[in-house]
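Only one structure is covered here, and it is reproduced in the block below.
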Amino acid sequence: MGSADVVYASSLKDLQNQSGIAADLVDEVTTFNANAELSLTDEFGRVLGPGDVIEGPEWLAARLRPGLAKNFGGVWTDMQAHVLDEYGQVIPGLYAAGEVAGMIPGGGSGTGFSGSSSACYYGGRLAGANAAADATAE
């Protein structure tokens, strides 16, 4: 069972070997599991617990490829939702979010996708918070 993009294995070591995943996969999972058993914090600041342990009996790896689903276009923004001019400079007091900003904060590159309403909500909240902070600072 499997394909070039999906690999099934009975052990983590076999999965690592068959899929071409980084040579330290087994060590990474072993360290993660030890930290989870001890309820330690992981490298992203999440508090782990015994329920987070990653274990078989079967293992699966799937190759994922990013793709462009739609091109919304829009104005360029920075990560704070400021609109940028043609030279990449912030236009003071001008913010954008949602489809007008290409759906994704920090680029307006048109890399959004259908169903990315959470990106619109997040971008709108970010733009609103930063606009309000700017307005109260003046």
Residues that are in a helix (DSSP H, G or I) and over 14 Å from residue 58 (Cα atoms), drawn from segment 1-18 | 17
Pairing a residue in segment 121-132 that is touching a residue at least 24 places away in the same chain (Cβ under 8 Å) with any residue that is in a helix (DSSP H, G or I) and not hydrophobic (A, V, I, L, M, F, W, C), where Cβ atoms lie under 9 Å and the two sit 6 or more apart in sequence or on different chains, gives 123/98; 124/98; 127/98
Of all residues in segment 25-53, count the ones that are in a loop (DSSP other than H, G, I, E, B) and of a type in the set (A, V, I, L, M, F, W, C).
-> 5
Residues in segment 60-82 that are over 17 Å from residue 122 (Cβ atoms), at pLDDT 85 or above and touching a Phe, Trp or Tyr at 6+ places or on another chain (Cβ under 7 Å) total 1
Determine if segment 120-138 includes at least one residue that is closer than 30 Å to residue 4 by Cα, surrounded by 13 or more Cβ atoms within 10 Å (Cβ to Cβ) and at pLDDT 70 or above.
-> no
Residues of segment 83-100 being modelled with pLDDT under 85 and over 13 Å from residue 122 (Cβ atoms), in sequence order, are 99, 100
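The values are calculated or read from the model by the stated rules, or taken from the named source; none is laboratory data. Treat the numbers as computed from the prediction; the structure is a model and nothing was measured. Cβ atoms come from the backbone with ideal geometry, glycine included; neighbour counts cover every protein chain shown.
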